[in-house]
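Participant: Once you've had a glance at the structure underneath, I'll fire off some questions.
The values are calculated or read from the model by the stated rules, or taken from the named source; none is laboratory data. Keep in mind the model is a prediction, meaning the values are calculated, not measured. Don't worry about glycine lacking a Cβ; one is built from the backbone with ideal geometry, like all the others, and counts go over all protein chains shown. Accessible surface areas use protein heavy atoms only, side chains included; no ligands, DNA or RNA. Shrake-Rupley method; radii C 1.70, N 1.55, O 1.52, S 1.80 Å.
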Amino acid sequence: LAKTTQPISMDSYEGQEVNITCSHNNIATNDYITWYQQFPSQGPRFIIQGYKTKVTNEVASLFIPADRKSSTLSLPRVSLSDTAVYYCLVGDTFEAGSYQLTFGKGTKLSVIP
Amino acid sequence: DSGVTQTPKHLITATGQRVTLRCSPRSGDLSVYWYQQSLDQGLQFLIQYYNGEERAKGNILERFSAQQFPDLHSELNLSSLELGDSALYFCASSRQANYGYTFGSGTRLTVV
């Protein structure tokens, strides 16, 4: 499984856009990039997943350059409730039933009023 | 409600004891994954089952075991408990690999 590197922590003011970048230099051809959000004492929650270019949903956007060696999670206009740990993961999704995600330390985002 | 149900939510037990954590996956999900999260270790993958069969093993101690039953619910058995086993234990399930995991709300185990 490809290893990911992301900042340990980030601070942002309410209402700002937050971009969290993750590097995954050894990403394999079949790997997708997935981001999870975790609040204290809760299970991680799926945010967004992508393979290349840009993916957008109601919560976030995911930007993936052509070489796929990095990705950026973009959270528009964050609020205090977005304070959480954000995990970037890469994993092979093509083999159904044998899909294992390895979580790193994640990025602790603190939103300041 | 994520659809993944874990019971109990909290468990306090003494060292040396044995406990069983239960997980019911989302309807239709065949894969169940167990993770341990302690303050200093982050989320550690323990074991995965797919349709009743063990598929992958991570950092699971020999004192720990798991199984997935025909109705697809899973149980994680922890025995000879030590203080260091105190942690949050999460179960996750998935249906198709490219849809990611859905996590339950976890079981907080405290060993005293």
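Participant: Chains B and A: what accessible area do they bury, summed, in square angstrom to the nearest 100, with a 1.4 Å probe?
Facilitator: So the total buried area for this chain pair works out to about 1700 Å².
Participant: What are the lysines whose alpha-carbon lies under 19 Å from the alpha-carbon of A:LYS54, with same-chain residues fewer than 8 places away excluded?
Facilitator: In chain and number order, the partners are A:LYS69.
Participant: Amide H to amide H, which residues 5 or more places from B:THR5 or on other chains are under 5 Å from it, using H placed in the peptide plane?
Facilitator: The answer is B:SER24.
Participant: For the protein assembly as shown, with all protein chains present and a 1.4 Å probe, just round the carbon and sulfur fraction of the accessible area to a whole percent.
Facilitator: Taking all protein chains in place, the protein assembly as shown shows 49 percent carbon and sulfur surface.
Participant: Quick one: which residues, 5 or more positions from A:ILE47 or on another chain, have an amide H under 5 Å from its amide H? H modelled 1.01 Å from N in the peptide plane, none for Pro or chain starts.
Facilitator: A:TRP35, A:TYR36, A:GLN37
Participant: Looking at the P(r) of chain A, how many percent of alpha-carbon pairs lie beyond 17 Å?
Facilitator: That fraction is 51 percent.
Participant: For B:PHE69, put the label point 7 Å out on the Cα→Cβ axis and report which residues of region B:1-40 keep their amide N under 11 Å from it.
Facilitator: The answer is B:22-24.
Participant: Roughly how many debye, to the nearest 20, is the charge dipole of chain B about its Cα centre, given +1 on each Lys and Arg Cβ, -1 on each Asp and Glu Cβ, and no other charges?
Facilitator: 120 debye
Participant: Please state the relative contact order of chain A as a whole percent: Cα pairs under 8 Å, 6+ residues apart?
Facilitator: 36 percent
Participant: When the dipole is taken about the Cα centre of region B:14-73, and only Lys, Arg (+1) and Asp, Glu (-1) are charged at their Cβ, what size is it in debye, to the nearest 20?
Facilitator: 100 debye
Participant: If I take R0 = 25 Å and measure r between the Cβ atoms of A:PHE63 and A:SER9 in this structure, what FRET efficiency does the formula 1/(1 + (r/R0)^6) give, to the nearest 0.05?
Facilitator: It comes to 0.75.
Participant: Would you work out which of A:PRO65, B:VAL112, B:LEU83 lies farthest towards the positive end of the dipole of the protein assembly as shown? Charges go on Cβ: Lys and Arg +1, Asp and Glu -1.
Facilitator: A:PRO65
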